[in-house]
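Asks: The following block contains the structure, expressed as structure tokens.
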Amino acid sequence: MDGKDTTHTMKVAGVVTFYMAAALVMVFVNKAVMMSSPDLPLLFLLIQLTLAVVLLHGASIISTKVEIPKLELKTAKKLAPVTLVNVVGLVFNLLCLRGVDASFFQIARGLQLPLTIIVSSLHGRSLPSKLVISAAAVVSAGFFIGLAPNSISADRLHEAPSRLSIVYGVLSSLFIAIHAVLIKYSLPHAQNSAIQLAYWQNLGSALLLTPFILLQGELSKLAELTSSPTWNAEVFVWGSVVTGVFGFLLCVAGLLSIKITSPVTHMFSSAARSAIQTLLGVWLFNDLLTVNRAVSILVIAAGTMFYTWVKSMENAPAPARPTKASPKDDIEANGGTQMDHIDGEVHDWQDEKRKHPA
């Protein structure tokens, strides 16, 4: 028994470490590329998405567990809403990261949890519990603490986040919230497979981005940068490759994290990642860390963990109640146990994957 517990603990530690490492690499490499090539956000994202599709094809050759969906126009139309919301959210996410410090990025997207709760409640036409509302209020307070005026020295005033970048962060959070709701209804069209849905979204997002790259003139900007002696092309090329690979790994890591760990462990690892991300941002990019920002990150992490604890308590199975023995053919006595209750909780697409295995 002890050996099994030790093995399980090692698996959990390995998966959590893998997930945190992949997520941190994505943030910091994305930031490095956006600092070196701020005029190529859509092209950079297109390369990431395309590489993820290629890697999924490669993984399907190696493992039968990775199934590439059959491309059908009928399915593509059904998945168009979730794909569109996904790519818009990704674009706003990248634009936000381009304009803020890596350590401030999580503050700019601090309304993700409250917005997800609101969107889910509006869609389900049900009010969340008072404790869930309290958790959302704590996270929202953390967001506004981060926006409060800071005592920044004159030589670092240029590092203050722009209002537009914060708007991008809020819009990114909003589209992620909408995406979380749409995922629930999109999985059945992808044979209830998270991998197949990820493939559809990456491929569809890449196709949707292509015309906007042409309209934005990013190809001509790339040509100009290529002829410029000051542009470091290696950062853009290697950054695109690394983020494409780790974006694919992050998809796998997310599946493993939910499968092997509990939601509470998953959320605690996310909180730890926030702290590590802040410290690495200060160390690697010399990010500005004020008292307001530090308190904001702590409050957002605390509110998120509180929400996770509340949902784990609400979703815990009720203790079995002693009941009187009744005949098997007594419909009135046995029929009540067949009722399912659906509330306005925030649905996680990984959770839906567990409920509806491929």
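Asks: In square nanometres and to one decimal, what's the mean projected area of the convex hull around the Cα atoms of the range 52-158?
Replies: Working: hull surface 45.7 nm².
For the range 52-158, averaging the hull's shadow over all directions gives 11.4 nm².
Asks: How would Met20, Met305, Met34 line up by accessible area, probe 1.4 Å, largest first?
Replies: Details: Met20 25, Met305 50, Met34 5 Å².
Ranking Met20, Met305, Met34 by accessible area, largest first, yields Met305, Met20, Met34.
Asks: Just to make sure I understand: if all protein chains stay in place, what is the order of Ile195, Ile176 by accessible area at 1.4 Å, largest first?
Replies: Values: Ile195 25, Ile176 50 Å².
Solvent-accessible surface, decreasing: Ile176, Ile195.
Asks: I'd like the accessible area for His57: 1.4 Å probe, protein heavy atoms, all chains in place, Å² to the nearest 10.
Replies: Accessible surface of His57 is approximately 80 Å².
Asks: Tell me, rounded to the nearest percent, the portion of alpha carbon pairs in the range 17-315 spaced more than 33 Å apart. Each step should come with its number before you reach the end.
Replies: Details: 10858 of 44551 pairs.
In whole percent, the share of Cα-Cα pairs in the range 17-315 beyond 33 Å is 24.
Asks: Here's another thing I want to ask about it. For the range 179-227, what Kirkwood radius comes out of the mean inverse Cα-Cα distance, in Å? The partial results should precede the final answer.
Replies: Working: mean 1/r = 0.0775 Å⁻¹.
Mean inverse Cα-Cα distance, inverted, gives 12.9 Å.
Asks: Moving on. Give me the accessible area of Tyr185, 1.4 Å probe, in Å² rounded to the nearest 10.
Replies: Using a 1.4 Å probe on the heavy atoms, I get roughly 120 Å².
Asks: Do any of Lys184/Lys311; Lys70/Lys184; Lys31/Lys311 go past 29 Å between their Cα atoms, and which?
Replies: Numbers: Lys184/Lys311 18 Å; Lys70/Lys184 20 Å; Lys31/Lys311 33 Å.
Result: Lys31/Lys311 exceed 29 Å.
Asks: I've got another one for you. Sorted by accessible area with a 1.4 angstrom probe, largest first, how do Glu234, Glu67, Glu218 fall? Before the final figure, lay out each step's value.
Replies: Working: Glu234 125, Glu67 90, Glu218 5 Å².
Ranked from most to least accessible, the order is Glu234, Glu67, Glu218.
Asks: Once you have the Cα-Cα distance between Lys65 and Lys130, take 0.36 nm times their residue separation minus that, and quote the gain in nm to one decimal.
Replies: On the way: separation 65, 0.36 × 65 = 23.40 nm, distance 4.10 nm.
Net length gain for the segment: 19.3 nm.
Asks: Over the alpha carbons of the range 97-246, what is the largest minus smallest coordinate on each principal axis, giving the biggest first in Å?
Replies: Computed over the Cα atoms, the extents are 58, 52, 27 Å.
Asks: Something else about it: Please give the contour-minus-distance gain from Ile276 to Glu234: 0.36 nm per residue of separation, less the Cα-Cα distance, rounded to one decimal in nm. Before the final figure, lay out each step's value.
Replies: On the way: separation 42, 0.36 × 42 = 15.12 nm, distance 2.63 nm.
So the extension gain works out to 12.5 nm.
Asks: With each pseudo-label sitting 7 Å past Cα toward Cβ, what's the Tyr185-Val245 distance in nm, one decimal?
Replies: The answer from the label model is 3.9 nm.
Asks: Heavy-atom accessible area of Ser274 with all protein chains present, probe 1.4 Å, nearest 10 Å²?
Replies: Ser274 exposes around 30 Å² with every protein chain in place.
Asks: Work out how far the C-alpha atoms of the range 1-86 reach from end to end along every principal axis, then list the three figures in whole Å, largest first.
Replies: Computed over the Cα atoms, the extents are 52, 40, 25 Å.
Asks: Additional query: Using θ = phi - 60° and the Karplus relation 6.51 cos²θ - 1.76 cosθ + 1.60, list the HN-Hα couplings for the range 233-240 in order, rounded to whole Hz, with x at every Gly or Pro.
Replies: 5, 4, 4, 5, 5, 5, x, 5
Asks: Okay, next question. Work out from phi, with θ = phi - 60° and the Karplus expression 6.51 cos²θ - 1.76 cosθ + 1.60, the ³J(HN,Hα) of each residue of the range 206-217, listed in order in whole Hz, and give x for Gly and Pro.
Replies: 4, 5, 5, 6, 3, x, 6, 5, 5, 5, 6, x
Asks: Report the full-extension gain for the segment Leu219 to Ala302: residue separation times 0.36 nm, less the Cα-Cα distance, to one decimal in nm.
Replies: So the extension gain works out to 25.5 nm.
Asks: Please report, in debye to the nearest 20, how large the charge dipole of the range 17-315 is about its Cα centre when each Lys and Arg carries +1 at its beta carbon and each Asp and Glu carries -1 there. Provide the component values of the computation, followed by the final result.
Replies: Numbers: 18 positive and 11 negative charges, 185 e Å.
Dipole about the Cα centre, nearest 20: 900 debye.
The values are calculated or read from the model by the stated rules, or taken from the named source; none is laboratory data. Predicted, not measured: the structure shown is a model, and the values here were computed from it. Every residue, glycine as well, gets a Cβ built from its backbone with ideal geometry; the counts of neighbours run over all protein chains shown. Note: accessible area is taken over every heavy atom of the protein model, side chains too, but ligands, DNA and RNA are not part of it. Shrake-Rupley method; radii C 1.70, N 1.55, O 1.52, S 1.80 Å.
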